[in-house]
Amino acid sequence: MTEAPDPSARPTPVRFWQALRFWLRLGFISFGGPAGQIAIMHAELVERRRWISERRFLHALNYCMVLPGPEAQQLATYIGWLMHRSWGGIVAGSLFVLPSLFILIGLSWLYVAHGKLVVVAGLFYGLKPAVTALVVHAAHRLGTRVLKNGWLWGIAAAAFFAIFAFDLPFPLIVLGAAAIGVVGGSWAPGVFATGGNGGKAEAGYGPALIDDDTPPPPHARFSWAGLARVLGIGLGLWGTAMALLAARFGWEGALTQMGWFFTKAALLTFGGAYAVLPYVYQGAVEQHQWLSGTQMIDGLALGETTPGPLIMVVAFVGFVGGWTQQVFGPDALFAAGVAGSVLVTFFTFLPSFVFILAGGPLIETTHGKLKFMAPLTAITAAVVGGILNLALFFALHVLWPEGLSGRFDAVSALVSLAAGIALFGFDLGVMPLLGACAVAGLLLTQIAPALLG
């Protein structure tokens with residue numbers, strides 16, 4: 001940790017290696033989901049270190065919020081890019097993800113190799129009800145911010161029934177909501193004017209290294225040549241990776257299909273990880289059968305316990321998919337799992353880097369002008385419906401583990417209820433909640449082993 005700068009003086013320029021140490025540390029402490037991660041960055045970068053002013057921080061955040069993908073990781077990429085060019089953005093965004101990737105690879109191996117151990121099974125018995133409560137809580141948080149009128153409530157309800165009753169693909173729902181936003185934004189703009197994440201800049205932090213009136217550095221100035229270069233590199237990396245996978249495993253190979261599927265998923269993550277999980281479930285569980293519904297819930301529980309973006313649950317999906325599909329044969333299961341994790345992480349986050357490095361120069365010309373648009377508001381309303389459907393799916397699998405015709409798990413119901421009370425009534429943090437529920441699950445299954453079936 002560096003000393004806080006003199007509050008009356010502008011901070012001295014930050015060297016690349018100083019920033020690298022901070023981004024690495026951030027990758028290991030970025031718990032709490034997007035809100036917690038953004039709060040950590042605000043406290044460190046705006047208030048304590050004053051690397052960037054409040055207004056510039058919020059301006060970057062507004063742009064990241066309108067993009068598909070994990071906004072906290074994209075915000076780190078944006079600030080890293082603004083400070084130290086493209087390599088600064090790549091390092092900041094990568095270090096936001098890599099600690100979580102390595103941790104999840106280890107936890108995923110423990111899960112698939114030793115998940116049948118009584119201790120591990122007991123921990124997951126307590127985690128699953130907690131995850132169900134967390135998803136419901138996520139839907140409530142997003143809904144209270146977005147669903148400001150009856151029209152938006154109607155879009156959320158329509159999205160829920162489109163998935164629940166008709167099993168419509170989530171991308172189709174997103175496109176439909178966007179179309180409603182385009183038409184409704186012109187016809188009734190007040191309906192979709194829910195506001196953004198901006199706000200009046202706070203005073204009292206002192207001058208920042210990148211202050212309100214600091215002109216964009218040369219590398220952050222927009223040019224068509226720069227835009228074309230970034231898009232070309234991004235598309236080249238994606239195309240090369242897909243071509244190599246298709247040549248080695250064929251288009252129908254599991255790893256190739258993972259690359260294609262998670263490319264599409266990366267472009268649909270409006271509203272955060274919970275928003276895209278219905279689509280991931282449809283593809284990974286129902287369509288490709290890379291893992292089961294129960295394993296998907298377990299993976300989300302693991303994702304909640306690790307630092308980094310929650311969308312890193314895709315690393316678990318990739319590990320289990322590579323392992324179960326035996327992509328390298330029955331004698332190389334761990335290597336197959338690692339390959340699946342790394343591959344889906346690459347395809348999930350590549351678009352985020354392209355969005356920031358390509359769009360950042362344009363956004364730097366729009367201080368005070370960027371706003372949420374009606375299509376995004378409509379999409380986010382639909383996302384609430386998708387998250388509610390996901391919560392219902394989790395609840396059915398946790399409370400009726402053998403199907404609706406089987407037994408009702410009253411103990412899991414009580415754990416879910418207690419977790420919900422802790423979240424809604426006492427605003428308990430994610431990590432204390434998961435820790436308490438995991439310990440409760442372990443103790444309950446030790447006392448009554450029959451709970452594990």
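The figures follow:
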{"read-out": "Descending Cα extents along the principal axes, segment 308-452, whole Å", "value": "62, 49, 31"}
{"read-out": "Column: log10 I(q)/I(0), Debye, Cα scatterers of the chain, q = 0.13 Å⁻¹", "value": "-1.26"}
{"read-out": "For segment 258-264, Karplus couplings with θ = phi - 60° (6.51, -1.76, 1.60), whole Hz, Gly/Pro x", "value": "4, x, 5, 5, 6, 5, 5"}
{"read-out": "Per residue Cα convex hull volume in Å³ - calculated over segment 58-152", "value": "139 Å³"}
{"read-out": "Net charge of Cβ neighbours under 15 Å - reference Thr305; Lys, Arg +1; Asp, Glu -1", "value": "-1"}
{"read-out": "Built amide H within the under 5 Å cut-off of Ile52, gap 5+", "value": "Leu209, Ile210"}
{"read-out": "In sequence order, calculated HN-Hα J values of segment 76-88 (Karplus, 6.51, -1.76, 1.60; Hz; x Gly/Pro)", "value": "4, 4, 4, 5, x, 5, 4, 7, 9, 6, 4, 5, x"}
{"read-out": "Charge dipole magnitude, Cβ of K and R +1, D and E -1 - the chain, Cα centre, debye nearest 20", "value": "700 debye"}
{"read-out": "Rounded tilt (10° steps) of 54-65 against the dominant C-alpha axis of the chain", "value": "50 degrees"}
{"read-out": "Around Ala395: net Lys/Arg minus Asp/Glu count, Cβ-Cβ under 14 Å", "value": "0"}
{"read-out": "On Cα atoms only, tilt of 430-447 relative to the major axis of the chain in degrees", "value": "10 degrees"}
{"read-out": "1.4 Å probe accessible area per residue over the chain, in Å²", "value": "44 Å²"}
{"read-out": "Folded to 0 to 90 degrees: helix 374-399 orientation relative to the chain principal axis, Cα", "value": "30 degrees"}
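The values are calculated or read from the model by the stated rules, or taken from the named source; none is laboratory data. Quick caveat, the model's predicted, so the values are computed rather than measured. So basically every Cβ, Gly included, is an ideal-geometry build from the backbone, and we count neighbours across all protein chains shown. The accessibility values were calculated without ligands, DNA or RNA, using every heavy atom of the protein model including side chains. Shrake-Rupley method; radii C 1.70, N 1.55, O 1.52, S 1.80 Å.
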